[in-house]
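Contents: one structure, followed by commentary.
The values are calculated or read from the model by the stated rules, or taken from the named source; none is laboratory data. Bear in mind the structure is a predicted one, so any value in this text is a computation, not a measurement. With ideal geometry, Cβ positions are generated from the backbone for all residues, glycine too; neighbour counts draw on all protein chains shown. When the accessible area is computed, the model is the full protein with side chains, heavy atoms only, and any ligands, DNA or RNA have been set aside. Shrake-Rupley method; radii C 1.70, N 1.55, O 1.52, S 1.80 Å.
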Amino acid sequence: MRHEKRSLASGLRHGCAQLVRFGVVQARACAFAVALLAGIGASRLLPPLPVARYDLVLVYGVLLTLLARRVGWETRRDTAVIAVCHVIGLLFELIKVRMGSWSYPEDALTKIGGVPLYGGFMYAAVASYVCRARRLMRLRYTRYRAAATTLVAAAVYLNFFTHHWIPDLRWPLAVAMIAATAGTWVGFSVGAHRYRMPLAVSFVLIGFFLWVAENAATYAGAWSYPQQLGGWQPVPLTKFGAWSLLISVTFVLVEHLGATGPKRRAGRPGTDGCPPPAPPVSDSFKTG
């Protein structure tokens with residue numbers, strides 16, 4: 001009995017330690033996104049300046065990108081992938097702002113079609129997270145059906161535009177994404193230990209934290225939904241589902257455009273497709 005209690009206590013300590021390690025790695029993966037959001041929040045505290053706040057945030061985003069590359073938060077390939085996601089994000093913003101889904105109410109010199117150019121950094125931040133998490137946690141995929149997942153992700157992206165004119169298909173697309181990723185597992189490292197979860201579950205978890213981040217971003221004045229123009233209100237919970245779908249677009253872009261790190265490997269049935277555990281990732285931010 002005493003031995004069982006010691007084993008249980010040891011297991012709990014190990015589990016708590018792994019949870020802390022996991023949180024630290026996630027924080028490192030979010031470094032660019034957190035720094036970007038912090039800069040946007042800080043910009044609201046500045047006194048009146050002759051330069052528009054949105055223009056300052058654009059300059060800050062560019063400098064932050066250069067810094068991330070300089071200190072090794074991003075590799076050269078990561079930066080290229082993130083730049084593509086920035087452009088695709090801007091296209092998304094131009095159409096959604098035109099349709100009135102949200103707005104950027106402040107004036108700026110660097111606004112095109114009502115969208116400040118820094119708007120693409122929101123999507124670049126998500127791409128940065130995916131690239132860094134892939135490398136820091138040594139992600140591997142088992143039974144990943146690239147063609148099917150990419151097809152559904154492309155349909156998800158298009159649906160965010162077309163639902164303004166035809167019926168919204170996000171629920172059928174959610175079912176299609178579950179079907180496309182059924183049996184797909186993502187293996188990841190926490191320290192020297194390997195774990196795995198269904199790829200669809202990872203989309204839902206990331207979508208939830210993106211919804212939390214969106215609440216923080218709108219509170220900081222990054223953009224505003226129509227119901228927030230008279231004063232900040234929490235972002236509707238429906239956006240959680242939207243982000244859970246939209247993260248699939250970033251995921252397939254990172255995969256197709258050559259994300260850094262080891263290639264995904266086909267796993268044997270019942271495995272996560274991972275090689276034997278590698279030494280723990282260095283605690284240094286210098287990974288590039």
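Looking at 94, 90, 56, can you tell me which residue is closer than 17 Å to residue 222 by Cβ, within 19 Å of the chain's Cα centre (by Cα) and open to solvent by 30 Å² or more (accessible area, probe 1.4 Å)?
None of the others qualify; the one that does is 90.
Exactly one condition in (1) more than 19 Å from the chain's Cα centre (by Cα); (2) surrounded by 20 or more Cβ atoms within 10 Å (Cβ to Cβ) is not met by residue 225; state its number.
Single failed check for residue 225: (2).
I need the full set of residues from segment 31-53 which are open to solvent by less than 40 Å² (accessible area, probe 1.4 Å) and farther than 13 Å from residue 121 by Cα, in order please.
31, 41, 43, 52, 53
Are any residues in segment 71-122 aromatic (Phe, Trp, Tyr) and within 18 Å of residue 251 (Cβ to Cβ), and if so, which ones?
Of everything in segment 71-122, just one residue is aromatic (Phe, Trp, Tyr) and within 18 Å of residue 251 (Cβ to Cβ), namely 92.
Quick test for you: out of 188, 160, 209, pick the one residue that is assigned to a helix (DSSP H, G or I), open to solvent by less than 80 Å² (accessible area, probe 1.4 Å) and either closer than 30 Å to residue 22 by Cβ or at pLDDT below 95 (or both).
160
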